[in-house]
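Student: Just passing along the structure, written as structure tokens.
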Amino acid sequence: MKILTAEFIRSCAGPEQFLKGDLPEIAFIGRSNVGKSSLINSLLQRKGLAKVSRTPGKTRLVNLFQITSDDPGLAHFVLVDLPGYGYARVSKAMRSQWAPLIEQYLDGNDQLRAVVVLVESRVLSEQDHQTIAWLSSVGRSPIVVATKVDKLKMSERVGALRRLYEWLELDEGDGIIAYSAVTGEGRERLWAALKERIRT
């Protein structure tokens, strides 16, 4: 699949700024420093569309991008970059603003077709577990993507992904997509999963 255009729409600080259109929306969420911006840039094959930073907690607003592709099954959609969660050095006041914003977006959006939860392939995080459990409780069965798999040796991968699967208590049949923003591994598999959600 080829991305024809990827344009920034706006950053939302409150629900009144969310889109009210009819385009399907795909949201990306994960812990701070999980590699979300790198994955988005890799997925769209664009450099610098989503801002990559070595400082965790950089994304603090809901960022919207309108995407056009050459695939009839996913020709026009909105990609939503949600704030990262779980960064200790961000103030409690700031985190308390993020949580309601994220929940309002995820819980009350009729155009939302898929939520992609990014988890780091080498890390078992209680916050990841809670996020996936909450999404499932509000009827948003997530697509789980394990990032930075290029940092694992091939001999380590099966065990690492199995530990993640068990830790996150995923339902039988729910797979974890192994992804590397460095090599592009997992890109086609993730697009296939997203197209399946758009069609249903």
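The values are calculated or read from the model by the stated rules, or taken from the named source; none is laboratory data. Just so you know, these numbers come straight off a predicted model, no measurement behind them. Because the Cβ atoms are built from the backbone with ideal geometry, glycine has one as well, and the counts that use them run over all protein chains shown.
Student: Confirm whether Leu194 is buried (at least 16 other Cβ atoms within 10 Å of the Cβ) and over 16 Å from the mean Cα position of the chain (by Cα).
Tutor: Working: buried (at least 16 other Cβ atoms within 10 Å of the Cβ): yes; over 16 Å from the mean Cα position of the chain (by Cα): no.
In short, no.
Residue-by-condition table, conditions (1) surrounded by 17 or more Cβ atoms within 10 Å (Cβ to Cβ); (2) at pLDDT 85 or above; (3) part of a loop (DSSP other than H, G, I, E, B):
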{"site": "Leu79", "(1), (2), (3)": "yes, yes, no"}
{"site": "Pro83", "(1), (2), (3)": "yes, no, yes"}
{"site": "Arg89", "(1), (2), (3)": "no, no, yes"}
{"site": "Gly139", "(1), (2), (3)": "no, yes, yes"}
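Student: Residues Leu118, Leu135, Leu164, Leu124: which one is surrounded by fewer than 17 Cβ atoms within 10 Å (Cβ to Cβ) and either in contact with a helix residue (DSSP H, G or I) (Cβ under 6 Å, 6 or more places away or on another chain) or aliphatic (A, V, I, L, M) (or both)?
Tutor: Leu124
Student: Could you list, in sequence order, the residues of segment 1-40 that are in contact with an Asp or Glu (Cβ under 9 Å, 6 or more places away or on another chain), outside any loop (DSSP other than H, G, I, E, B) and loosely packed, with under 13 Cβ neighbours inside 10 Å?
Tutor: Leu4
Listed here are the residues, each with its yes/no results for (1) in a helix (DSSP H, G or I); (2) under 22 Å from Gly48 (Cα atoms); (3) in contact (Cβ under 8 Å) with a residue 12 or more places away in the chain.
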position	(1), (2), (3)
Glu156	yes, no, no
Gly159	yes, no, no
Arg162	yes, no, no
Glu166	yes, no, no
Ser180	no, yes, yes
Gly184	no, yes, yes
Trp191	yes, yes, yes
Lys195	yes, no, yes
